[in-house]
Amino acid sequence: MKMRMSYIAPLLLVLFIASTCLQAQSGMPQMKSVEPVNAKAGDVLTVTGENLDAANVAKVYLTDGKNDVEVVIEGQEATALKFKVPENVKPGRLALMIRTKGKEPNLIEQPVKVTID
């Protein structure tokens with residue numbers, strides 16, 4: 001029994017690494033930063049990251065975790081995305097969230113935040 005358990009941890013590690021590699025290869029969008037970090041309604045912000053082009057990202061939202069506000073995408077490339085802060089967004093520190101494209105679109109909250117004044 002002891003010998004059998006010793007194989008589980010390395011196996012889980014290999015599966016985790018394989019899963020991470022497959023996600024990276026599959027074009028999973030990932031936002032890494034936003035400029036400026038403080039904005040107001042009407043401002044255009046630039047997000048940098050990976051796989052942010054129109055083939056991977058269908059929509060972008062500002063979210064507080066309960067309320068989502070869709071933004072207007074002004075331009076998309078693989079490593080950058082520009083969007084306009086809508087007039088109806090409430091002030092506060094908000095996260096960015098994307099809706100992926102494909103047969104099974106997903107909403108993915110990103111680790112990038114912006115403060116709306």
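Below, the figures for the structure above:
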{"quantity": "Distance histogram for the range 75-117 (every C-alpha pair counted, 10 angstrom bins, percent rounded to whole numbers)", "calculated": "21, 50, 26, 3"}
{"quantity": "Estimated distance in nm for a label pair at Lys66 and Val44, the labels positioned 7 Å out from Cα along Cα-to-Cβ", "calculated": "3.4 nm"}
{"quantity": "For the range 47-103, alpha-carbon Rg relative to the globular expectation (2.2 N^0.38 Å, N residues)", "calculated": "1.11"}
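Read-outs throughout are calculated quantities, based only on the coordinates presented, and are distinct from any laboratory measurement. These numbers come from a predicted model, not from an experiment. Here Cβ is always computed from backbone atoms with ideal geometry, including for glycine, and neighbour counts include all displayed protein chains.
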